[in-house]
Amino acid sequence: MSAPKSRAPSENADAIGFIVALLERFPEIASLGSHPADGTLTVSFAVRKRLDKTTQAGLRGLIVEHISSFTEVLAEPLERLDVAAEADDGMTFVRVTRDARSVTREELQMLTALMADRFGELLVKSPVAEDAIEEDLAAADDLVEFALEALRDPAQQRLVGFREEQGAMVYFVPTRKKAKARGR
């Protein structure tokens, strides 16, 4: 009996490191999901306020307008952009799903700045280390570029990373096998 095939441990560690790098570089991001099967990346934000449907629709329009304009300026095709909001007691989660092929570090910077400007202290944000300096930021930006490139790989396993207190948790999500139709 043979052992199940799996990715090399170093590839798994790299993938986890890339998700953590994205979460560290963008403390405004609450969670990040990589979906290689459909070539998308989902970024989630948490707002400490229950947003009503009208506010959610306005926010959705604002995000779509900003990302559409941003990709247009870069002359990049916008293959996929979905924005969803889910309100709960005193909280709203905003999920932005993009095609991983064309999402950039600059777009993530613009999106996180937009959310921070729009919600201020209501946006859940991880604390940033006080000793973070410009050189560290430049190195983090380089790592984000590598991370985005790696997450574009369709052979990559599906990953979900989220903030847990002052750290990050990353999970490999098993892919579902399609069930065969039963014969009649």
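Each reported figure results from applying straightforward, stated rules to the coordinates on display, with no laboratory input. Please read these numbers as outputs of a predicted model, since none were measured by experiment.
Just a few scattered comments:
- In region 81-100, the residues that are assigned to a loop (DSSP other than H, G, I, E, B) and within 13 Å of the chain's Cα centre (by Cα): A100
- Within region 51-106, the set of residues being over 22 Å from A37 (Cα atoms) and of a type in the set (D, E, K, R) comprises D52, K53, R60, E65, E72, E86, D88, D89, E106.
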